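Undergrad: Can you read through this structure? Questions will come right after.
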Amino acid sequence: MTNKKPVGKRANTRYLFRGTKLSVETLLKNYDVGDKVVIKPNGRYHNALPFRRFAGKVGKIVEKRGRSYVVHLAKEKKDVIVGPAHIKSIH
């Protein structure tokens with residue numbers, strides 16, 4: 001039997017996607033276009049969970065798509081769709 005390296009979207013994310021307590025306020029919080037936010041994935045809420053590469057990245061909110069937000073990451077030159085449970089505002 002061979003030991004293969006785990007492959008997949010959530011491989012090796014034991015501590016990265018550690019879930020914290022999730023309140024209704026965090027899910028219903030509204031952000032404005034232009035707000036600076038940091039992407040902080042929450043493992044307890046699976047909808048609109050960003051890819052693990054974007055954890056801890058800082059960006060600006062460009063638009064709102066349904067319940068989620070489009071966050072533009074300047075350093076990576078990418079737009080990421082993230083749910084409100086996975087972002088925190090920076091003041």
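Read-outs: derived from the displayed coordinates by stated rules, not from any lab. Everything numeric here is computed off the predicted structure, so don't read it as measured data. Every residue, glycine among them, receives a Cβ derived from its backbone with ideal geometry; neighbour counts consider all protein chains shown.
Undergrad: Quick check: residue separation of Asp35 and Arg14 times 0.36 nm, minus the Cα distance between them. What number comes out in nm?
TA: Residue separation times 0.36 nm, minus the Cα-Cα distance, leaves 4.6 nm.
Undergrad: Then there's this: How large is the translational diffusion coefficient of the chain in µm² per second when you combine the Kirkwood radius over alpha carbon pairs with Stokes-Einstein at 37 °C and 0.692 mPa s?
TA: Working: Rh = 13.8 Å.
It diffuses with D of about 237 µm²/s by this estimate.
Undergrad: Related question: Rank these for me by crowding, Glu63, Glu25, going from fewest to most other beta carbons within 10 Å.
TA: Least crowded to most crowded, the residues run Glu25, Glu63.
Undergrad: Give me Thr13, Thr2, Thr20 sorted ascending by neighbouring Cβ count inside 10 Å, so fewest comes first.
TA: Sorted ascending by nearby Cβ count, the order is Thr2, Thr20, Thr13.
Undergrad: Another question, if that's okay. Mind giving me the FRET efficiency for Ser23 and Asn3? R0 is 41 Å, r the Cβ-Cβ distance, nearest 0.05 is fine.
TA: 0.50
Undergrad: Check Asp35: other-chain or 5+ apart residues with amide H under 5 Å from its amide H, H built from backbone geometry?
TA: Ile61
Undergrad: Determine, for Ile81, Ile90, the number of other Cβ atoms within 10 Å of each Cβ, and report the residues in order from fewest to most. Working shown, then result.
TA: Details: Ile81 13, Ile90 10.
Listing Ile81, Ile90 from fewest to most nearby Cβ atoms yields Ile90, Ile81.
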